[in-house]
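Presented below is the structure to which this report refers.
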Amino acid sequence: MPRSIVLSLIAATLLLATGCSEAADPPPTVAQVDLERYTGTWYEIARIPNRFQRQCVADTTARYTRQADGTIEVVNRCRTTDGSYDQAQGIARVVDTQSNAKLEVSFFSIFGWRPLWGDYWILELAKNYEYVLVGTPNRKYGWLLARSPTLPDATRARLNQRMRELGYDPARFEASAQQPGRP
């Protein structure tokens with residue numbers, strides 16, 4: 001069998017396998033997000049592994065700052081294997097102004113033009129803004145963030161149950177190492 005046909009069959013199989021493992025309907029978001037309360041620093045507790053965070057081994061944080069134009073500055077930072085820090089700067093924009101729970105983020109700019117945006121949906125948010133579960137409509141990406149480097153086991157168990165209710169497999173979320181006292 002020619003190599004191109006074999007590669008096409010492998011690609012089709014991977015696409016079918018990925019598509020079948022995801023729920024058809026996108027997960028619901030929270031009803032309302034107060035963006036002023038949401039801004040600040042969040043610690044990554046867990047994430048679904050992804051290509052753009054491969055270099056991150058510990059101390060991953062996200063800092064959100066409201067801008068005068070209505071966007072939100074996003075600064076993601078993590079420690080790499082050699083002990084140095086990697087940082088990515090981007091912006092977020094609100095897509096659903098009724099709830100503020102659906103945003104898009106962009107970390108790529110060409111002379112100020114941002115051709116690439118990714119979904120950032122707030123799926124679960126503590127009333128006191130102590131933790132948040134963020135995901136995407138296709139459930140390919142997901143992050144569990146908190147205002148402190150750790151979450152109590154009972155809170156994590158409750159969030160794992162919520163992930164299941166939203167169509168996520170909590171086992172796909174890998175714990176993120178946080179060392180208290182690190183920037």
Q: Mind telling me which of K140, K102, K127 comes out most flexible in a GNM of the chain, alpha-carbon contacts under 10 Å?
A: K127
Q: Quickly work out the V57-to-R147 label distance, labels modelled 7 Å from Cα along the C-beta direction, and quote it in nm with one decimal.
A: 3.2 nm
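When only C-alpha pairs under 8 Å and at least 6 residues apart count, what is the relative contact order of the chain, in percent?
On the way: 329 pairs, mean separation 46.7, N = 183.
Relative contact order, the chain: 26 percent.
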Q) Under a plain spin-label model, where a point goes 7 Å from the Cα along Cα-to-Cβ, how far apart in nm are T65 and R172? A) 3.3 nm
**Q.** Among L116, L35, L133, residue whose mean-square fluctuation peaks in a GNM of the chain (springs only between Cα atoms under 10 Å)
**A.** L116
Q) Angle between the Cα long axis of helix 153-165 and the longest principal axis of the chain, 0 to 90 degrees, nearest 10? A) 50 degrees
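What chymotrypsin sites (Phe, Trp or Tyr not before Pro) does region 63-172 have in DSSP loop regions with at most 14 other beta carbons within 10 Å? All intermediate terms of the calculation are to be shown ahead of the outcome.
Numbers: sites: Y64, Y85, F107, F108, F111, W113, W117, Y120, W121, Y129, Y131, Y141, W143, Y168; in loops: F107, F108, F111, W117, Y129, Y141, Y168.
When the chymotrypsin sites (Phe, Trp or Tyr not before Pro) of region 63-172 are filtered for loop state and at most 14 Cβ neighbours within 10 Å, F108, F111 remain.
About the Cα centre of region 16-113, how large is the charge dipole given +1 on each Lys and Arg Cβ and -1 on each Asp and Glu Cβ? Please answer in debye to the nearest 20. Walk me through the intermediate numbers first.
Values: 10 positive and 12 negative charges, 37 e Å.
For region 16-113, the charge dipole is close to 180 debye.
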Q. Amide H to amide H under 5 Å from A46: which residues, 5+ apart in sequence or cross-chain, H placed 1.01 Å off N in plane?
A. L144, S176
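So what are region 70-133's ellipsoid semi-axes, whole angstrom, largest first, if each one is the square root of 5 times an eigenvalue of the alpha-carbon gyration tensor? Working shown, then result.
Working: eigenvalues 108, 77, 14 Å².
Semi-axes (√(5λ), whole Å): 23, 20, 8.
Which value, in debye to the nearest 20, gives the size of the charge dipole of the chain about its Cα centre, when Lys and Arg are +1 and Asp and Glu are -1 at the Cβ? Mind showing how you got there, number by number?
Working: 22 positive and 19 negative charges, 53 e Å.
The calculated dipole for the chain is roughly 260 debye.
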Q) Relative to the longest principal axis of the chain, what angle (0 to 90°, nearest 10) does the C-alpha long axis of helix 3-20 take? A) 40 degrees
Q. Can you work out ³J(HN,Hα) from phi for every residue in region 93-102, in order, using Karplus 6.51 cos²θ - 1.76 cosθ + 1.60 and θ = phi - 60°, giving whole Hz and x for Gly and Pro?
A. 10, 6, 9, 10, 6, 6, 10, 6, 9, 10
(Q) Can you give me the distance in nm between label points at A157 and R37, each placed 7 Å from the Cα along the Cα-to-Cβ direction? (A) 2.6 nm
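Relative to 2.2 N^0.38 Å, what does the C-alpha radius of gyration of region 25-175 come to as a ratio? Two decimals please. Numbers along the way, then the final one.
Details: Rg = 14.8 Å, N = 151, 2.2 N^0.38 = 14.8 Å.
Taking the Cα Rg and dividing by 2.2 N^0.38 Å, one obtains 1.00.
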Q. FRET efficiency for N50 and Q87, Cβ-Cβ distance as r, R0 = 22 Å, nearest 0.05?
A. 0.85
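Rule-based calculations on the coordinates, nothing more; no lab input. Source: prediction; values computed, not measured. Cβ atoms come from the backbone with ideal geometry, glycine included; neighbour counts cover every protein chain shown.
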